[in-house]
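Read the structure below first, then the notes.
The values are calculated or read from the model by the stated rules, or taken from the named source; none is laboratory data. Everything numeric here is computed off the predicted structure, so don't read it as measured data. Because the Cβ atoms are built from the backbone with ideal geometry, glycine has one as well, and the counts that use them run over all protein chains shown.
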Amino acid sequence: MTNSTAAAPGLTAPEAEQILAASVMARPDLIDELADEFSPDDFEFPLYRWVWKAVDEIRQALTDGEIRWQAVDRQLQAWKAAGELPVAPPRVSELAVLYDYAQPSYSAAAYYAQQTAEAAVARRLLAVGRDAAVRARSAAFDPAEDIPAIQTALDSVLSRNTSSETVLAADLLGAALARAVTPPTLADRIPTGIVDLDAVTGGGFAPGRMVIVGARPGAGKTTFGLGLARAAAIRAKIPTLFCTLEMGGDEVMNTILAADARVPLHHITTGSVDDLGVARMLKSAERIKTAPLHIDDATQVTLASLRGKVRHLIRTAGLRLLIVDYLQLMQAPKAENRQVAVSALSRGLKLLAKEFGITVIVLAQLNRASEQRADKRPTIADLRESGSIEQDADIVILLHRPDMYEPESPRAGEIDLILDKHRAGSRTTITAAFQGHYGSVVDMAAT
């Protein structure tokens, strides 16, 4: 073997790719050793990609030793005969010359793998740039759609492989034992502001989880969602994004201020707050000013645009909680029917939570089925256009207010938080107080 830097006769490719393809022939186990930092898709020239794949195929039947160019040639010819090789295979003599470029030490191979991978990143970045230029010059350019799409493409430039790494159970055991004796803190939980709900969820909602809050119109899902945002951002100072597709930013702020200052909401909207209320609002304003609460009232939100906003806030503000109000108002991708489209939204939001390691709370509308029951209590099956919503969710909370259907109910002013799905705990019902005039849901004890 030689360490020549001259181009091999009959082959035209960057030297790094030549050496890399040759090195795995001389030492096939390099394929495993380089797996975490290199993919054969990073090869610019298909020839070397297929040499790598041929070695990977042949080594399955070997326990040790090099793979000579003759064996690689036989595998490539077999793929050609079967119509599985999309490129013209090299001659045996060309493979023999390529073999002389092998540098089978791990350090050398890793160096050339890094060079090849970096070149692949550069090519992907150039491709994104060309796509951005084409989109920008197009008469059909739509900033709301094209810019998030470009941002998503930029994110994928470095993230060639986003699949989880396989690990031994033993490697995860220590952390599991530590969790068993270490109570969660604000660093790894999102408090809800409802004592009993925090208790049953182990201190609040965990990162990477998707929580669905379902309710009929008027039952208080936005009020409850804003209460979760206040508990996280104003009380616990956790960076939060509240994405409202139903209310404007002014309406959202009115509700937040009313709930936090304990001032009747209709007094704020009618400009009739008294001096005592103004004093409470000014104190509340100081708390809200320092809260990392971001409000987005865009009228059209797609998965791509939402992902772009989340990515930006994670980088600039350390975002940990996203609340979407509400699922069925999001702009769904094209699909054969509405149920499939909403299911795609649900799955996309779950993947967003998992990918970025944040908690995602999604408010959703229930269908009318619960209103046909004697007790009017909703169930998870009532999720409107449900599709796979209940499957994707880690927790499903359904809201039920008895006094919506029976104004003289002895339970007037109460709201049931029905945990109809709880992947990490038990199903239960928690009763809280619904204070619509303040725009808040609070612990029963707080009343």
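Please tell me if Glu390 is in the same structural domain as Arg311 (by TED's automatic domain parsing), touching a helix residue (DSSP H, G or I) at 6+ places or on another chain (Cβ under 8 Å) and under 23 Å from Ala344 (Cα atoms).
yes
Looking only at segment 418-432, filter to residues that are more than 19 Å from Pro184 (Cβ to Cβ) and among the basic types (Lys, Arg); which one of those is surrounded by the fewest Cβ atoms within 10 Å (Cβ to Cβ)?
Arg427
Just one of Ala54, Ala113, Ala140, Ala108 is surrounded by fewer than 18 Cβ atoms within 10 Å (Cβ to Cβ) and not in a loop (DSSP other than H, G, I, E, B); which is it?
Sole residue among the options that is surrounded by fewer than 18 Cβ atoms within 10 Å (Cβ to Cβ) and not in a loop (DSSP other than H, G, I, E, B): Ala108.
If I ask for residues that are assigned to a loop (DSSP other than H, G, I, E, B) and surrounded by fewer than 14 Cβ atoms within 10 Å (Cβ to Cβ), which ones from segment 263-276 would you list?
Going residue by residue through segment 263-276, those that are assigned to a loop (DSSP other than H, G, I, E, B) are 263-264, 270-274.
The answer is Thr270, Gly271, Ser272, Asp274.
Could you please find all residues in segment 196-210 being touching a residue at least 40 places away in the same chain (Cβ under 8 Å) and surrounded by fewer than 24 Cβ atoms within 10 Å (Cβ to Cβ)?
Asp196, Leu197, Val200, Gly202, Ala206, Pro207, Gly208, Arg209
Here is a list: Val324, Val310, Val301. Which entry is in a loop (DSSP other than H, G, I, E, B), in the same structural domain as Ala258 (by TED's automatic domain parsing) and either more than 22 Å from Asp394 (Cβ to Cβ) or touching a helix residue (DSSP H, G or I) at 6+ places or on another chain (Cβ under 9 Å) (or both)? Before the answer, list the steps.
Details: Val324 fails: in a loop (DSSP other than H, G, I, E, B); Val310 fails: in a loop (DSSP other than H, G, I, E, B).
After applying the criteria, what remains is Val301.
Criterion first (outside the structural domain of Thr428 (by TED's automatic domain parsing) and under 20 Å from the mean Cα position of the chain (by Cα)) does Ile190 satisfy it?
It is false that Ile190 is outside the structural domain of Thr428 (by TED's automatic domain parsing) and under 20 Å from the mean Cα position of the chain (by Cα).
If I filter segment 352-366 for residues that are assigned to a loop (DSSP other than H, G, I, E, B) and touching a helix residue (DSSP H, G or I) at 6+ places or on another chain (Cβ under 6 Å), do I get at least one hit?
No, because not a single residue in segment 352-366 is assigned to a loop (DSSP other than H, G, I, E, B) and touching a helix residue (DSSP H, G or I) at 6+ places or on another chain (Cβ under 6 Å).
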